[in-house]
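Notes follow the structure.
The values are calculated or read from the model by the stated rules, or taken from the named source; none is laboratory data. Just so it is clear, the model here is predicted, and its values are computed rather than measured. Here the Cβ positions follow ideal geometry from the backbone for every residue, glycine too, while neighbour counts run over all protein chains shown. To get the accessible areas, we keep the full protein, side chains included, count just its heavy atoms, and leave off ligands, DNA and RNA. Shrake-Rupley method; radii C 1.70, N 1.55, O 1.52, S 1.80 Å.
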Amino acid sequence: TTTNTNTTTNNNTTSNNTPTNMSASAAMDARLSPNGQWVAYVVDGDLYVTSTNGATTKRLTTKTSSDIMNGLADFVAQEEMDRHHGYWWNPDSSGLFFAQVDESPVPAVRIQHSSSSISNNGGNIPYEEYRYPFCGQSNPHTTLAYYSLKDHSTTWHAAPREASEYLCRLDWCPDGSACVQWQNRTQTCLVYCRVVPPGNNSNKLPTKPLWTERNSEGWINLTHIFSIVPEKVVPPPNYTNLPAGSFSFVIASERTDFMHLYLYTYCPGWNNDMAIYIGALTEGDWMVERIVGITSSEIYLLGTHDSVLEKHLYVVPIQMTTAVNTANNNSKKRNNSLDLMDVCDRNSSMMSSTSSSSSSNYEQQQQQQQQ
């Protein structure tokens with residue numbers, strides 16, 4: 001599935017464009033740009049940036065109705081997806097991705113205040129109305145866009161057709177692209193999309209799925225585990241140079257009924273421009289909770305290997321072949337076994353085995369579905 005983009009110029013982006021309702025509405029989710037020169041924030045459903053020296057304010061969006069919200073996470077995203085931000089700064093501070101939420105399909109719920117406040121409101125019962133997505137009813141519609149501070153343009157990125165309901169995560173990749181996770185409403189399909197911001201010097205390919213996970217027997221639980229490996233891992237059996245723009249990353253999945261870590265490498269132009277599965281980094285009847293840290297050779301993680309009643313810090317080696325120098329065709333093979341060690345006692349090995357056959361069978365099924 002290839003998604004399309006649409007670029008428009010935002011004529012409302014001018015210097016000193018201070019929100020007229022700034023005094024009446026609070027600025028929400030204010031965050032600095034990575035270079036510290038800008039601060040982004042949301043006022044009354046629109047996204048703004050102000051230079052940290054106070055000289056310039058730019059309005060990035062102009063909503064067309066009160067049901068539109070730019071740059072904030074909606075109720076579903078916060079409560080069900082555990083996503084609490086609605087915009088993401090580019091690491092080079094040249095722009096940002098933001099979510100636009102249309103809540104018009106969601107019914108309004110009236111919340112009345114206590115009767116003690118009637119006398120202060122001319123005898124009327126004061127109330128507030130909120131859009132609340134009831135179970136089985138319509139959800140808000142979310143669209144992803146990128147705003148460029150260089151040319152003041154907005155590029156809209158369509159969601160993948162098979163998973164367009166929920167915008168779950170956005171993580172930045174070493175090549176300047178973003179990995180965007182989309183999920184369908186039944187939460188049986190999770191698509192990792194690679195999105196390239198306009199003007200980026202990396203491969204300017206159309207937005208494509210980086211990887212797709214499906215589960216016909218239940219829902220797919222979301223995680224915050226998406227970690228870039230400092231050294232690229234060469235996909236077997238091609239122990240040769242990787243193309244420019246390649247990178248390796250680790251995700252978590254319950255494909256074997258337990259949450260474990262899986263290694264992938266993205267190589268531009270290889271495997272129909274989708275990530276290549278390398279192998280499982282952990283396995284067994286226990287769960288990985290989260291990644292604490294990652295180096296070129298090891299991953300530090302919190303998990304329940306010792307007991308479901310306990311959480312410990314472990315370290316697991318990164319397997320396979322790590323590309324050390326792609327410029328002179330020099331690569332280093334790393335044939336570590338699947339060893340898990342408690343960081344508090346690294347001399348005692350907790351587990352040693354090869355990647356499970358169940359994970360291999362799962363991968364074969366996923367590749368058949370992709371084809």
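Tabulated data for the structure shown
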item	result
In Å², nearest 10: area of His85 left accessible to a 1.4 Å probe	70
List Tyr277, Tyr48, ordered by accessible area with a 1.4 Å probe, largest first	Tyr277, Tyr48
Pairwise label distance in nanometres, Thr56 with Asn271, each label 7 Å out on the Cα-Cβ vector	4.1
Solvent accessible area, Å² - Asp82, 1.4 Å probe, full protein context	80
Karplus 3J(HN,Hα) series, Hz, for region 261-277 with 6.51 cos²θ - 1.76 cosθ + 1.60 (x for Gly, Pro)	9, 9, 9, 10, 10, 9, 10, x, x, 9, 6, 6, 6, 9, 5, 9, 6
Solvent accessible area, Å² - Met81, 1.4 Å probe, full protein context	10
Sulfur and carbon atoms: percent of accessible area, region 197-296 [1.4 Å]	47
Relative contact order for region 171-323, counting Cα pairs under 8 Å that sit 6 or more residues apart, in percent	17
Accessible area, probe 1.4 Å, largest first, for residues Arg169, Arg59	Arg59, Arg169
Percent accessible area from carbon and sulfur atoms, region 38-151, protein chains only, probe 1.4 Å	46
